[in-house]
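Here is the structure we will look at, set down as structure tokens.
The values are calculated or read from the model by the stated rules, or taken from the named source; none is laboratory data. What you see is a predicted model, and the numbers here were worked out from it, not measured in a lab. For neighbour counting, all protein chains shown are included, and Cβ atoms are generated from backbone atoms with ideal geometry for every residue, glycine included. These area figures cover heavy atoms from the full protein model, side chains too; ligands, DNA and RNA do not enter into them. Shrake-Rupley method; radii C 1.70, N 1.55, O 1.52, S 1.80 Å.
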Amino acid sequence: MKNGFTIFMIVLLVFGLGSFLIRDSGVSNKVDGGNFGSGEIQKVVLNQDRYNYKDAFVEAGKPISLSADSSVTGCLRSVVFNLDGKRYVKYLKTPKDTLELPALSKGIYNFACSMGMGYGKLIVK
Amino acid sequence: MTLKEFTKELNGNNRVEGELIKAIFYSLFFSFGLFILLYYFKLQYIENFISKYSFYLFFAILSYAIVLPSIRQVRAYKNLTCMSGMMVGMTTGMIAGFLPGFFIGSTNGMLWGSVFGMGIGIFIGVWNGKCCGIMGIMEGLMAGFMGGIMGAMTAVMMINDNLKVAGLIVFLISSVIIFLLNFMIYKETKESERQVKEDYSLIIFISLILTAITIFFMVYGPRSILFG
């Protein structure tokens, strides 16, 4: 087989480098919220404003428990935050479901629904 | 029977089909080489590089390696019939648009995944499709345009639903489509004489360019809110 050696080299390259590159990549860097200490947790309820979220306001330095009321529908119930390279994602199926976020410093944090269609701002004061 | 002849021809000496596997090897070898070089000097210092980008980058490089040999195969015969040329333009445009769109869409979001996918899909689709004139060019243009957007959109919509598994499945199906395209070109040109004989520098050059652009775009490129 004339190309036998070439095919062997292709397999070697793909599996050699592939095992290195895929090894540590994991399934995703997704975090389904989490427990961020026993400090005072502030509750935030998201509302929908036409095709986006209404702006939500929280205080700095306190962990956040996020839920969505019944005005939030469709893919907007699946909320995605990208905080310091970590993705916090949860499908808030009912108004009782919550997404836990760590304490944040002052600033405006953009978030979106999981399909990237609806957007909102979490304003930390 | 013809498929058997085609697989035999992949090991042959006379026709361009005998060079396809080597073209895949050269594309992979130089793309991975560039990646290792960049990783050693720069990329390893980027926080979470492996966990954030490596999977998608790896499959983007594999995607270029399966698409580019079809350019070599089409160039070897220069002119194809209208119907075959349209299939060539459409298939290469779609795959070359969808796969980069999907992998860039997974790291940079829908807009930039679409722009990237459309750019590469249209470029390769038109280049390959022009072997049969305006109809092939139009097919390449349309398929690249649609494939790029579809790839990025699929990636963004699957972000919370096993995106990496989807990436693997999409790549495997695309590989089968490209293999069948190579077979179709072989079948259509079986009686034709080879028009152009060339070395592998074009494949190597395009592989290096595409890999470099992909790495740059993934790591330093603009991204949507969803990706921070």
Test set (1) open to solvent by 40 Å² or more (accessible area, probe 1.4 Å); (2) under 22 Å from the mean Cα position of the chain (by Cα); (3) within 10 Å of chain A (Cβ to nearest Cβ) - residue B:38 fails condition number: (3)
Selection count where residues are over 12 Å from residue A:65 (Cα atoms) and under 14 Å from the mean Cα position of the chain (by Cα), scope segment A:93-117: 8
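Here's the yes/no breakdown for (1) at pLDDT below 90; (2) away from chain B (no Cβ under 14 Å); (3) more than 20 Å from residue B:159 (Cβ to Cβ); (4) part of a helix (DSSP H, G or I):
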{"position": "A:19", "(1), (2), (3), (4)": "yes, no, yes, yes"}
{"position": "A:27", "(1), (2), (3), (4)": "yes, no, no, no"}
{"position": "A:35", "(1), (2), (3), (4)": "yes, yes, yes, no"}
{"position": "A:39", "(1), (2), (3), (4)": "yes, yes, yes, no"}
{"position": "A:45", "(1), (2), (3), (4)": "no, yes, yes, no"}
{"position": "A:57", "(1), (2), (3), (4)": "no, yes, yes, no"}
{"position": "A:65", "(1), (2), (3), (4)": "no, yes, yes, no"}
{"position": "A:71", "(1), (2), (3), (4)": "no, yes, yes, no"}
{"position": "A:82", "(1), (2), (3), (4)": "yes, no, no, no"}
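Residue under question is residue A:4, and the condition is that it be farther than 24 Å from residue B:48 by Cβ, more than 14 Å from every other protein chain (Cβ to nearest Cβ), exposed (fewer than 13 other Cβ atoms within 10 Å of the Cβ) and modelled with pLDDT under 85; does it hold? If you could, list the steps in order and put the result at the bottom.
Values: farther than 24 Å from residue B:48 by Cβ: yes; more than 14 Å from every other protein chain (Cβ to nearest Cβ): no; exposed (fewer than 13 other Cβ atoms within 10 Å of the Cβ): yes; modelled with pLDDT under 85: yes.
Taking the combined requirement at face value, the residue does not satisfy it.
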Scan of segment B:41-56 for residues that are facing chain A (nearest Cβ under 7 Å) and closer than 15 Å to residue B:220 by Cβ, ordered by number: B:47, B:48, B:52
Those residues of segment B:127-142 which are open to solvent by 80 Å² or more (accessible area, probe 1.4 Å), over 13 Å from residue B:96 (Cα atoms) and touching a helix residue (DSSP H, G or I) at 6+ places or on another chain (Cβ under 8 Å), in sequence order: B:130, B:135, B:138
Output for segment B:161-177, where each listed residue is in contact (Cβ under 8 Å) with a residue 12 or more places away in the chain and either of a type in the set (A, V, I, L, M, F, W, C) or within 26 Å of residue A:78 (Cβ to Cβ) (or both): B:163, B:164, B:166, B:167, B:168, B:170, B:171, B:177
Unmet criterion (only one of (1) over 20 Å from residue B:21 (Cβ atoms); (2) more than 14 Å from chain A (Cβ to nearest Cβ); (3) in a helix (DSSP H, G or I)) for residue B:195: (3)
